[in-house]
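Working notes, beginning with the structure itself.
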2 protein chains.
Amino acid sequence: MSQRLYFEDLSEGQVFEAGPFELTQARIIEFATEFDPQPQHIDPEAAKTTSFDGLAASGWHTAAATMRLMHEALIHRFGESMGLGIEGLKWSRPVRPGDRLTTTVTIGEKRLSSSKPGFGIVPLQIRTVDQDSREVLRMTSGALIRTRGA
Amino acid sequence: MSQRLYFEDLSEGQVFEAGPFELTQARIIEFATEFDPQPQHIDPEAAKTTSFDGLAASGWHTAAATMRLMHEALIHRFGESMGLGIEGLKWSRPVRPGDRLTTTVTIGEKRLSSSKPGFGIVPLQIRTVDQDSREVLRMTSGALIRTRGA
């Protein structure tokens, strides 16, 4: 169990990393069948006739996998945190069955929250790559993190 | 089966809607256990001691449910489409077990793609509300949609 982290422990430029997280073909199809049932995500044969040129994970599956890796990298070390939203998210390239993803989270310029006492606002730059270090997703986000005094 | 839609069939201000999609407590916990295992998403008792004041769905579960509703509203009517990314996403309020979500998708100012012949770029304004019409998520996105001539 890593040491617990508070707002005060974070500084601009710090990097946290976790991985790998593998997306299997079975799970890609299962996730997309529930949430994003387009041919390129659920049907290996039909996917060959699309611009994806073969089965690819739903972008929302890649995003959810990235959240899991953010959790392992640092979120689990916060007593409590809340996502504030996403400023920008880009799917840089398709994720294929068997790809193993790694995520890095870089801390931005933090500040105390004026509306929520006991919490600070921490911008996060998030980048997910595959096993060949090719970027598959990047996003800019922000989180509310508890201060030590709370 | 609704009629197939091409880039040419879309015009600014058009609205598509689908729902409801229910998030059960069991599925909220299962999704978060895989992708976002924070106490407020996986443990009804521990969740009471957090700022969420009870179990709430992972924001990524709400986003995935929104994708499903976007699919039902209009994405399934495209022969092929690709998400270009998210310009902004906000989780407006927590989604609770049993909440039934509805999503509206509003078409923005479209243009032909210069880099991908046979496709056009269509901005999408997406808004998801609960059974009491309270906004739970909104985002601005864009999609590549096939033109009729392709």
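The values are calculated or read from the model by the stated rules, or taken from the named source; none is laboratory data. All of these numbers come straight from a predicted model, not from anything done at the bench. Positions of Cβ are generated from backbone atoms using ideal geometry, with glycine treated the same way; all protein chains shown enter the neighbour counts.
So here's what we get for this one:
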{"quantity": "Matching option when the condition is touching a helix residue (DSSP H, G or I) at 6+ places or on another chain (Cβ under 7 Å) and of a type in the set (Lys, Arg), among A:ARG27, A:ARG77, A:ARG4, A:ARG96", "calculated": "A:ARG4"}
{"quantity": "Residues within the stretch A:69-128 that are over 30 Å from A:SER51 (Cβ atoms) and either part of a strand (DSSP E or B) or within 11 Å of chain B (Cβ to nearest Cβ) (or both), tallied", "calculated": "24"}
{"quantity": "Residue that is nearest to A:GLU87 (Cα to Cα), among those in the stretch B:127-141 that are among the acidic types (Asp, Glu) and without any contact (Cβ under 8 Å) to a residue 40 or more places away in the chain", "calculated": "B:ASP130"}
{"quantity": "Hits in the stretch B:28-46 (condition: part of a helix (DSSP H, G or I) and in contact (Cβ under 8 Å) with a residue 12 or more places away in the chain)", "calculated": "B:ILE28, B:ILE29, B:PHE31, B:ALA32, B:PHE35, B:GLN40, B:HIS41, B:ILE42, B:PRO44"}
{"quantity": "Residue among A:ILE42, A:ILE28 that alone is over 20 Å from B:PRO37 (Cβ atoms), more than 9 Å from chain B (Cβ to nearest Cβ) and surrounded by 21 or more Cβ atoms within 10 Å (Cβ to Cβ)", "calculated": "A:ILE28"}
{"quantity": "Total residues in the stretch B:111-134, condition exposed (fewer than 14 other Cβ atoms within 10 Å of the Cβ) and either of a type in the set (Gly, Ala, Ser) or in contact with a Gly (Cβ under 8 Å, 6 or more places away or on another chain) (or both)", "calculated": "5"}
{"quantity": "Residue count, the stretch B:100-126 (criterion: touching a helix residue (DSSP H, G or I) at 6+ places or on another chain (Cβ under 9 Å) and under 24 Å from A:MET82 (Cα atoms))", "calculated": "4"}
{"quantity": "Sole residue being hydroxyl-bearing (Ser, Thr, Tyr), part of a loop (DSSP other than H, G, I, E, B) and either within 14 Å of chain A (Cβ to nearest Cβ) or touching a residue at least 60 places away in the same chain (Cβ under 8 Å) (or both), chosen from B:THR66, B:THR49", "calculated": "B:THR49"}
{"quantity": "Residue pairs meeting the criteria (Cβ under 8 Å; at least 6 apart or on separate chains; first polar (S, T, N, Q), in the stretch B:104-124; second surrounded by fewer than 18 Cβ atoms within 10 Å (Cβ to Cβ))", "calculated": "B:THR104/B:VAL15; B:THR104/B:GLU17; B:THR106/B:GLY13; B:THR106/B:GLN14; B:THR106/B:VAL15; B:THR106/B:GLN125"}
{"quantity": "Among (1) out of contact with any Pro (no Cβ under 7 Å at 6 or more places or on another chain); (2) at pLDDT 95 or above, the one test that B:ILE28 misses", "calculated": "(1)"}
